[in-house]
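For reference, the structure discussed in these notes is given below.
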Amino acid sequence: GNIMIFEKKFQEFKTKFAEADTSKLADSFAMQVNMTDEDCGGIFYIANIDGVFSVEPYDYVDHTSEIIGLSTEIKKVFSSRIGLEKAIAEGKVTVYGNPADVATVQAVLKKPAKKAEKKEVAKKEAAPKKAAEKKSAAKKTEKKK
């Protein structure tokens with residue numbers, strides 16, 4: 001079960017980055033992300049090597065940085081909902097290597113303000129319904145067993 005949960009969490013990250021604009025990335029970097037969740041501990045990496053951006057579910061031996069923490073906390077940092085320094089100070093995440101890599105990832109995930117506003121509003125309205133559907137679907141399948 002853990003592998004499935006890891007895959008799901010990894011896909012959530014990968015999907016976020018699939019929408020990101022990586023064309024302006026000048027520097028090469030390889031950030032290893034170590035999710036410490038009990039149910040889905042796992043490692044993946046986010047890298048930009050020679051202009052090729054990739055997010056893959058493997059460890060990266062020669063990484064330039066590593067961020068360690070619960071997937072929810074790492075998401076908050078990546079989406080800039082919590083500042084990196086604050087997250088480190090509060091013990092939410094640990095970062096080794098080059099902290100500038102985190103800023104790079106945050107910048108990549110920032111969408112242009114005008115376009116993003118409309119999409120985000122639509123997503124927020126749709127999200128609760130989907131979550132509710134999934135929960136009720138999950139309950140139904142549990143009862144069948």
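The values are calculated or read from the model by the stated rules, or taken from the named source; none is laboratory data. These figures come from a predicted structure and were not determined experimentally. Reconstructed Cβ throughout: ideal geometry from the backbone, glycine too, with neighbour counts over all protein chains shown. Only protein heavy atoms, including side chains, enter the accessible area calculation; ligands, DNA and RNA are left aside. Shrake-Rupley method; radii C 1.70, N 1.55, O 1.52, S 1.80 Å.
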_Against the condition among the hydrophobic types (A, V, I, L, M, F, W, C) and either free of Cβ contacts under 8 Å to residues at least 24 places away in the same chain or more than 21 Å from residue 107 (Cα to Cα) (or both), how does residue 67 come out, does it pass?_
no
*Identify, by number, the condition in (1) at pLDDT below 90; (2) surrounded by 15 or more Cβ atoms within 10 Å (Cβ to Cβ) that residue 31 doesn't meet.*
(1)
*Index of the failed condition, residue 58 passing every other in (1) modelled with pLDDT under 95; (2) open to solvent by 40 Å² or more (accessible area, probe 1.4 Å); (3) over 23 Å from residue 7 (Cβ atoms)*: (3)
*Set 47, 20, 87: member being touching a residue at least 60 places away in the same chain (Cβ under 8 Å), open to solvent by less than 70 Å² (accessible area, probe 1.4 Å), in contact with a strand residue (DSSP E or B) (Cβ under 9 Å, 6 or more places away or on another chain) and farther than 22 Å from residue 4 by Cα*: 20
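Does residue 36 fit the bill of being among the β-branched types (Val, Ile, Thr) and in contact with a Leu (Cβ under 9 Å, 6 or more places away or on another chain)?
Values: among the β-branched types (Val, Ile, Thr): yes; in contact with a Leu (Cβ under 9 Å, 6 or more places away or on another chain): yes.
For residue 36, the condition - among the β-branched types (Val, Ile, Thr) and in contact with a Leu (Cβ under 9 Å, 6 or more places away or on another chain) - is met.
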